[in-house]
1. Once the convex hull of the alpha carbons of segment B:88-302 is built, what does its volume come to per residue, in cubic angstrom?
2. How many angstrom lie between the C-alpha centres of segment A:165-191 and segment A:115-135?
3. Compute the helix-to-body angle for A:110-122: its Cα long axis versus the longest principal axis of chain A, expressed 0 to 90° and rounded to tens.
4. Please arrange A:274, B:282 by how many other C-beta atoms lie within 10 Å of their C-beta, fewest to most.
5. Can you give me the relative contact order of chain B as a percent, contacts being Cα pairs under 8 Å and 6 or more apart?
6. Please report, in Å, the Rg and the Dmax of segment B:73-151, where both are computed over Cα atoms only.
7. Taking chain A as a Gaussian network, where each spring joins two C-alpha atoms under 10 Å apart, which residue of A:277, A:234, A:226 fluctuates the most?
8. In what sequence do A:32, B:302 fall when counting other Cβ within 10 Å, fewest first?
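Bear in mind that the values in this text are calculations on the coordinates, not laboratory data. Since this is a predicted model, take the numbers as computed values, not measurements. When we count neighbours, we look across all protein chains shown, and the Cβ atoms used for this are built from the backbone with ideal geometry, even at glycine.
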Ligand SMILES: Nc1ncnc2c1ncn2[C@@H]1O[C@H](COP(=O)(O)OP(=O)(O)OP(=O)(O)O)[C@@H](O)[C@H]1O
Ligand code: SF4
Ligand SMILES: [Mg+2]
């Protein structure tokens with residue numbers, strides 16, 4: 001496949017994750033370069049979180065993971081033992097979760113939870129780790145870091161907690177940050193602040209950022225590359241300008257019609273929406289997962305769908321030719 | 001924290017008073033006290049004299065206030081049965097029961113916590129099922145029966161441990177085990193379920209995403225949150241152990257409070273009954289208060 005990037009920080013090839021009665025991820029491939037922001041978008045339940053957790057090997061019980069490879073630089077994450085993985089987690093690869101309310105341990109102070117990750121990977125004293133924590137809290141825009149370190153999670157607002165989660169993820173200067181809908185649970189005004197912060201830190205620290213979202217506005221503002229997921233597959237992937245200018249997969253076009261994007265959606269243009277819901281994919285499912293909801297579905301769509309080129313570094317998974325036009329599609 | 005403790009103490013005093021009123025009323029309504037004090041051969045005249053001397057003809061409220069005001073000064077009256085001051089009896093017996101209870105509690109925790117944690121970490125495995133089966137069997141086994149088996153095996157056959165009395169500290173080992181046994185199943189089950197719940201929490205996923213070691217995740221992050229219900233139930237179990245040590249104390253012939261309670265209830269030795277109830281209530285309240293304080297230390301959200 002054309003997704004091979006020799007200098008990729010993260011490279012996932014043909015990832016599959018199944019649960020006993022369903023296939024959550026079906027052949028996902030993704031790559032991420034140094035300093036790059038790669039967004040993964042898609043409706044709820046399409047497998048974004050499960051794909052991200054696969055990289056960390058933190059899948060829930062009952063999930064079975066397989067892939068051609070999952071590589072972090074030249075390290076093969078698939079073959080790593082739990083002990084080896086634990087050495088990378090929190091150090092070179094960090095992750096931020098969607099729920100800042102429940103992702104922190106209610107029984108320990110902010111300082112204790114931030115310090116322990118540094119102590120673990122850098123073998124420092126508690127004092128040094130707390131100094132580092134205070135430095136990072138200041139960096140994510142938290143005033144009076146010294147006081148915050150002594151507080152407990154329940155004493156912080158959602159926005160502060162998510163800032164603290166970001167600071168905690170950055171304690172060991174990771175190269176790869178995976179952020180799973182880091183702002184979904186927050187107020188709209190706070191969302192924008194957190195995203196600006198994340199973007200700023202990503203650029204300052206040269207982070208490779210795998211950012212999961214279902215917001216195309218975020219994609220437009222932050223990402224270089226975007227992958228659109230549907231029912232466990234990446235149905236389209238490419239550079240952000242390409243996807244906005246020439247979305248090719250009917251699902252991507254449908255999504256973009258749903259969302260007003262500044263500069264792309266023209267004022268007064270009606271917003272589309274895609275009727276129907278994401279299907280549940282049972283083992284043995286073949287063909288395009290979108291065909292229940294696609295107005296262009298034909299018998300051909302029930303066969304295994306290969307990936308097609310739609311331009312430089314731009315792929316999609318659909319029977320239609322890259323330049324198909326609404327109304328004239330075969 | 002201080003206002004928290006004061007609030008709890010105020011509640012505790014109310015509970016204590018209620019318990020005393022109830023037990024006072026029950027002992028006075030459950031038959032003719034004067035008749036049982038006088039003994040089976042007493043005449044009606046004897047009983048009348050006793051009723052007068054002990055003030056049993058006064059209204060219940062007056063009798064209670066009389067008892068309470070003396071108790072407040074440390075005078076718990078005289079035992080009808082032992083013909084000795086009740087406070088002396090209590091002073092002799094209380095340490096035995098406390099030592100026994102704490103021994104039982106220590107043994108119970110040393111067994112229940114590690115096994116409960118292990119079962120949770122290996123949820124659904126053969127180890128887990130084995131541990132839960134033992135808990136079930138333990139619950140089905142009566143304490144006196146276990147006590148007798150232990151006496152036969154370790155006391156009579158192997159002669160490792162004394163079979164009765166507390167002349168040496170070894171005398172507490174077997175009764176301690178028997179008491180612990182009754183508490184282990186509940187403690188173990190609660191530890192297991194608390195740990196299973198904690199291990200599924202989002203903050204455990206965060207801890208794993210930080211690359212923390214398995215022991216840190218289990219013993220620091222999960223156990224701390226699973227501990228709170230365990231602490232509460234431990235207090236309740238310790239209360240049961242101290243209050244319900246009658247059977248164990250009689251099987252092993254230990255001169256404790258439980259044994260005293262049993263003797264005095266059967267003989268209607270009212271001042272002793274009332275004093276034992278008072279002390280058990282106080283112990284129970286202290287233990288629960290300690291548990292609440294420990295929980296407040298464990299969970300910062302309770303420290304309001
Ligand atoms: N523990 C689990 N057991 C069984 N199925 C699961 C489990 N976790 C997730 N799934 C299934 O895997 C699929 C993908 O879930 P995933 O959490 O990756 O979705 P998502 O794209 O992150 O959605 P959202 O936007 O709501 O977070 C879902 O359809 C879900 O039903
Ligand atoms: S493959 Fe067929 S069903 Fe799937 S998106 Fe393309 S046209 Fe629609
Ligand atoms: Mg998700």
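1. Residue-normalised Cα hull volume stands at 136 Å³.
2. Taking the Cα centre of segment A:115-135 as reference, the centre of segment A:165-191 is 19 Å away.
3. For helix A:110-122, the angle is close to 80 degrees.
4. Neighbour counts put them in this order, fewest first: B:282, A:274.
5. Working: 334 pairs, mean separation 79.3, N = 304.
For chain B, the relative contact order is 26 percent.
6. When restricted to the Cα atoms of segment B:73-151, Rg and Dmax are 20.2, 60 Å.
7. A:277
8. B:302, A:32
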